[in-house]
Amino acid sequence: MEQTAIYLQRINLVLDYIRQHLTNDLSLDSLASVAGFSPFHFHRIFTSLTGETINDAVGRLRLERAVALLRAAPHTSITRVALDCGFNSASSFSRA
């Protein structure tokens, strides 16, 4: 298998992991471990292949989940949605 294909497979594995664990620790070190890379190498490869940093990707995926939850249940508390999507508080959700 070509090296780029292997990298893409590992990055997709990490993106799936993030989607399934939005409220967990999604630090660079923990996600690099999921991909099987050193943190430095993982960050460089992730940014190169996705065009965004890991923090930007995590934030975007959390916001996408929040939008889906708010559309599905518009009367749900904003604080509840924020916490369910991995934000530390409603204010951090609002800033995002």
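The values are calculated or read from the model by the stated rules, or taken from the named source; none is laboratory data. What you see is a predicted model; the values in this text were computed from it and never measured. Calculation scope for accessible area: heavy atoms of the full protein, side chains included, ligands and nucleic acids excluded. Shrake-Rupley method; radii C 1.70, N 1.55, O 1.52, S 1.80 Å.
Values for this structure:
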| read-out | value |
| --- | --- |
| Relative intensity, log₁₀ I(q)/I(0), of the chain from a Debye sum that treats every alpha carbon as a point, q = 0.11, 0.14, 0.17 Å⁻¹ | -0.35, -0.54, -0.74 |
| The chain - accessible surface per residue (Å², probe 1.4 Å) | 61 Å² |
| With DNA, RNA and ligands ignored, accessible area of His41 (1.4 Å probe; Å², nearest 10) | 50 Å² |
| Largest-first ordering by accessible area, 1.4 Å probe, given options Leu69, Leu26 | Leu69, Leu26 |
| Anisotropy class of the range 1-45 from Cα gyration tensor, a/c 1.5 cut | oblate |
| The chain - percent of accessible surface contributed by carbon and sulfur, probe 1.4 Å | 53 percent |
| Rounded accessible area of Leu61 (nearest 10 Å², 1.4 Å probe) | 10 Å² |
| Extended-chain gain in nm, criterion 0.36 nm per residue less alpha-carbon gap, Asp16 and Ala73 | 18.1 nm |
| Mean Kyte hydropathy of -1.0 or more with a Cα span along the axis of at least 24 Å, helices from DSSP in the chain | 3-20, 54-72 |
